[in-house]
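First the structure, in the form of structure tokens, and then the observations on it.
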Amino acid sequence: MNTTDTLEICSNIEKILEQFGNINFLSKEDLYTLVDYIRDSFKIDVKETFNVPRFFKDNFQDIIIYEPHKFNDTKIGGFLIKNKFPDKSYIITNSSKEPISTIFDLTHELMHFLLHPEDRKYYISSSLCDIDNFEWQANEGAAELLVPYKCFIPYFVKNIKNCNSKKDYIDLLIHLSNKYVVSTAILEYRITGLKYEISQYEKGVPIDEIQFLSRRAQEEQGIFITSYSELFKSKKVELKSIISNFSTNTSSLPPDTGSKSFNTVNAPYNKLESWSDILNYFKNTGRIMLYANLINTKLRKIDDNNVGIEFSYNVSEFRKTLLSKKSNYDEIVSKINILFNKKMNVQFIVNDSPKTKTLNIN
């Protein structure tokens, strides 16, 4: 991919992020949707091991100067100096660390470059520094880019059933490290960070319908899950088969597992009287990505059983990806059903005056 194409992708990501206002508060789901957009834009095959050095060389070598540097302290991962093109930016990674660790550090700094503003200019990755929201986004975004949850969770759940002891678990981590070319520490970070999503998949929720909740949201809803990483570290007993469970007596997932749970905020929205009410619902319940991509649309009743969401502008591939996600589409439909007090068929329509066309993205 040439420099012009890369800069255009970066510009598109910047426009998407502008919809959020304060990007400090990106949810995990919104962040993963952005990572999907990055994959699609750069044609990264989710089923193949992500070759980070080659990806950097093919797309960023004329934009970013990358130099490994040997630091005395391995607690420093690297840093980014972000400049506005045509001035080149700089990424430095710590060559004192294991090569497999520097791959994650390079990906981490690339996530800063793609997602975060130039006015901050300096981004430092170090265990000596506090983890702020930007650092979490870079960590989580890099982890999702290197170890995609849609491929990782089914594979992990299938293989964890064969782990009968702590040694089996360590062997599995080593196998996964070779498969994804990441350190076992990153895999443990991933297993712990995805423990709620892994739990859902184990209970039969299809991978495309997994819901995401932050750790705080889980705690507020009384969901406390012990990850496999935590379990194998704390237990010194032989384990035949372990299934993550809620610490409460709940034997099943919260209601409506196909979308985010809004039990604590549903009451004011039981009666939706207009399309604006639905958009405000998405905005006020934290679905900013969904809200931002539906703003300035109109809801048009076609007949007694059909409605259309009308876009007065071209729908980008990013919007198609976002709106075609089953959990998002189902949530839109459920709110429209409340509005009409009946089940409705929902279409997406691009009003390309004078020609109107139906967009088949659901």
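For region 39-54, which residues satisfy the criterion of being surrounded by fewer than 20 Cβ atoms within 10 Å (Cβ to Cβ) and among the aliphatic types (A, V, I, L, M)?
44, 46, listed by residue number.
Go through region 157-184 and report how many residues are under 28 Å from residue 220 (Cα atoms) and touching a residue at least 60 places away in the same chain (Cβ under 8 Å).
Residues in region 157-184 being under 28 Å from residue 220 (Cα atoms) and touching a residue at least 60 places away in the same chain (Cβ under 8 Å): 0 in total.
Could you say whether any residue in region 66-86 is modelled with pLDDT of 90 or more and within 27 Å of residue 232 (Cα to Cα)?
No - not one qualifying residue is present in region 66-86.
Which strands (runs of 3 or more DSSP E) sit wholly inside region 9-104 and have at least 3 residues that are more than 30 Å from residue 323 (Cα to Cα) and touching a Leu at 6+ places or on another chain (Cβ under 8 Å)?
The qualifying strands (runs of 3 or more DSSP E) are 89-94.
Let's see how each residue does on (1) of a type in the set (A, V, I, L, M, F, W, C); (2) surrounded by fewer than 16 Cβ atoms within 10 Å (Cβ to Cβ):
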| residue | (1), (2) |
| --- | --- |
| 125 | no, no |
| 149 | no, no |
| 158 | no, yes |
| 171 | no, yes |
| 205 | yes, no |
| 212 | yes, no |
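Residues of region 161-181 being of a type in the set (D, E, K, R), out of contact with any Phe, Trp or Tyr (no Cβ under 9 Å at 6 or more places or on another chain) and within 23 Å of residue 143 (Cα to Cα), which ones?
171
For region 297-313, does any single residue satisfy the condition of being within 29 Å of residue 40 (Cα to Cα), crowded, with 17+ Cβ neighbours inside 10 Å and either within 24 Å of the chain's Cα centre (by Cα) or at pLDDT below 75 (or both)?
no
So is residue 152 out of contact with any Phe, Trp or Tyr (no Cβ under 6 Å at 6 or more places or on another chain), outside any loop (DSSP other than H, G, I, E, B) and at pLDDT 95 or above or not?
yes
Any residue that is touching a residue at least 24 places away in the same chain (Cβ under 8 Å), surrounded by 20 or more Cβ atoms within 10 Å (Cβ to Cβ) and more than 27 Å from residue 180 (Cα to Cα) - is there at least one of those in region 55-77?
Checked against the condition, which is being touching a residue at least 24 places away in the same chain (Cβ under 8 Å), surrounded by 20 or more Cβ atoms within 10 Å (Cβ to Cβ) and more than 27 Å from residue 180 (Cα to Cα), region 55-77 yields no hits at all.
Filter region 263-286 down to the residues that are in contact with a Phe, Trp or Tyr (Cβ under 8 Å, 6 or more places away or on another chain) and assigned to a loop (DSSP other than H, G, I, E, B), then identify the one that is modelled with the lowest pLDDT.
This residue is 285.
The values are calculated or read from the model by the stated rules, or taken from the named source; none is laboratory data. Source: prediction; values computed, not measured. Methodologically, a virtual Cβ is constructed for each residue, glycine included, from the backbone with ideal geometry; neighbour enumeration extends over all protein chains shown.
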